[in-house]
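Here the structure is laid out as structure tokens; the discussion comes afterwards.
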Amino acid sequence: MTRSYPELAWLFASGTWADEESARLRAAFRERFCEYDDGRAAERVVRAVMLGEPLPEPAGDPGLVPAQTAGRDLLTPS
């Protein structure tokens, strides 16, 4: 996590964001906070809040997020 632009620039320049520890931390974050992130969460919010439609159940396995379904962490270089 960075708190300023210079820290963010250093993070990208250093390559630290691509190490195994960073990948593990991102995976732990997704597991804890992205249970229903299936690529359609924003659509469900708009339909429920703006259009008054009932909230449907998330499609597929709600524990999967796009990076996991692709079989790799999208932020880690191949």
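No value in this document is a laboratory result; all are computed from the given coordinates. Bear in mind that the values here come from a model prediction, so they are computed numbers and not experimental data. Here the Cβ is made from the backbone with ideal geometry for all residues, glycine too, and neighbour counts use every protein chain on show.
Once the chain from Leu55 to Ala13 is taken as fully extended at 0.36 nm per residue, the excess over their C-alpha distance is 10.9 nm. Within the range 13-47, the trypsin sites (Lys or Arg not before Pro) that combine a DSSP coil assignment with at most 16 other C-beta atoms in a 10 angstrom radius are Arg40. Subtracting the Cα-Cα distance of Ala27 and Ser4 from 0.36 nm times their residue separation leaves 5.9 nm of extension gain.
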